[in-house]
Amino acid sequence: MPALLRRVRRLAAARSRCAGSKAWHFPTLAVHGGEALDPSSKASTPPLVLSTTFAVSEPLSFSANELRASDPWVYTRWANPTVRQLETKLAALEGAPSGEHCVAFGSGMAASVATMLSLLSAGDHVVVSDAQYPGVAEVCRHTLRRFGIAADFVDASEPRNVGAALRKGATKLVWIETPCNPILRLTDIAAVAALAHGAGAELAVDSTFATPCATRPLELGADFCVHSLSKYLCGHGDSIGGAVVGRSAERIGAIRAEGGMHHGGVLAPFNAYLIARGMATLPLRMRAHSENATAVARWLEAHPGVERTNFPFLESHPQHELARRQMAMASGMVSFVLKGGKAAAEQAARRMMEELELVHYAVSLGHQRSLIYLLTTEDLAERPGSSYELVGEQLATYRRWAGDGIFRMSVGLEDSRDVIQDLRRILGPSGLDH
Ligand SMILES: *Cc1c(COP(=O)(O)O)cnc(C)c1O
């Protein structure tokens, strides 16, 4: 390797390491991780680099297979300074050593699919949680199967279900989500990691609902931690993005080369800039989301019209003990089932669309604004062709958490009293109102 190229690589590697001297505490990493003063301007706020191409001073290979994360900037689909800054910040928050352990994508779905299609081949087998983000469930059910990759869906809240589905030699990946959409059931990451590794498989954890403020999956033994950046990490509902962080820079390099550079679903620099700006306040926001959601969950739990409230930090959550062990805080996600079945739920949903003044009846989560949405069990889990297509015992288990339909609520950063007042408008008073 020519001396100049070596020197450029050393400089680039040093830049990607300014992740944050590992000694910094979490809120400091959220603010400063991945950032460094721009040498030419000394700007305190890092510049947004929109350039798609970069002048190079040495011949470089044009093959994705030859490229390393520490190479000089060449082309923004390969790597971009603003995107790398976000990757380095997220790696630092997830406890990974450098920006080379993280690769960002244009959405959470792009990150998930890039991870699967970069790591799996025809003939492989995956074990997947039976309740999770519907898009990922559908990819496992349809896309992976078309490419000859078999998927088994299990209730991953019982590690032994994962263990029973593992096929030694064939299972390459276990994919879980905790807390999982929309029922907020948890999976014991350390227990499932041990089982997966025992069978020669890797473990990927979608940690979108938890965020690194609550849980750091890599530290619990996961090999990959996947995020939709569109949710809490951005935090303001104005950018779509995704990322995967890994224990091994080589494995992440493989996802970057194939899933990023070849499949091409990379994150735009402008979105990376907005998301990284949101990440600076993640620790403050998550504390407020958790406090507000706790107040809303307690109000719902005491409500005579509410059949069931799912919130990991309520003592009534069946995995409350695991929540305390695995999650440092709750996040803003609460889900609940109304008494009266599907008709009552659909009627309440219609009233929410028309009468809520503050909470938006809308999909997505993790924004500063509170959001609520009804997911009926028929539509999400039961109907042939639904995202989960559950039958038998698995459907019965899902129904215990979600009844005929579950309201998924993302409690925002408003004053929780105002959020509760808006819910009271639809649901009437709770036992806590006097
Ligand atoms: C939103 C979400 C996704 C998909 O992310 P997008 O950014 O919308 O593509 C994946 N997993 C979970 C848990 C999500 O909430």
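The values are calculated or read from the model by the stated rules, or taken from the named source; none is laboratory data. Values in this document were obtained by computation on a predicted structure and should not be read as measured data. Neighbour counts are summed over all protein chains in view; Cβ atoms, including those assigned to glycine, are modelled from backbone coordinates with ideal geometry. The protein model used for the area step is the full one, side chains on, heavy atoms only, and it has no ligands, DNA or RNA in it. Shrake-Rupley method; radii C 1.70, N 1.55, O 1.52, S 1.80 Å.
Roughly what % of DSSP beta bridges within the chain run antiparallel, to the nearest 5? Don't skip to the answer; put the middle values down first.
Working: 24 of 43 bridges.
Antiparallel bridges make up about 55 percent of those DSSP assigns within the chain.
What is segment 313-434 by shape, rounded, prolate or oblate, if you read a ≥ b ≥ c off the alpha carbon gyration tensor as root eigenvalues and call it rounded for a/c under 1.5, prolate for a/b larger than b/c, and oblate otherwise? Cα axes put segment 313-434 in the oblate bin.
Counting only residues at least eight positions apart within a chain, or on another chain, the lysines with an alpha carbon under 27 Å from that of K42 are K22, K89.
Each label was represented as a point 7 Å from its Cα along the Cα-to-Cβ direction; for R350 and R145 these points are 3.5 nm apart. Counting only protein heavy atoms and a probe of 1.4 Å, the accessible surface of the chain is 54% carbon and sulfur. Average accessible surface for segment 202-342: 33 Å² per residue, computed with a 1.4 Å probe over protein heavy atoms with every protein chain in place.
Restricting segment 386-434 to chymotrypsin sites (Phe, Trp or Tyr not before Pro) that sit in a DSSP loop and have at most 13 other Cβ atoms within 10 Å of their own Cβ leaves nothing. Sorted from greatest to least, the principal axis extents spanned by the alpha carbons of the chain come out as 73, 50, 35 Å.
Going highest first, how would you order 167-177, 275-285 by mean Cβ packing within 10 Å? Intermediate results must be reported in sequence, preceding the final value.
Working: 167-177: 20.2, 275-285: 22.0.
Highest-to-lowest ranking by the protection proxy: 275-285, 167-177.
Taking θ as phi - 60° and the Karplus parameters 6.51, -1.76 and 1.60, the scalar couplings of segment 174-185 work out to 10, 10, 10, 9, 8, x, 9, 6, x, 8, 6, 7 Hz in sequence order, x denoting glycine and proline.
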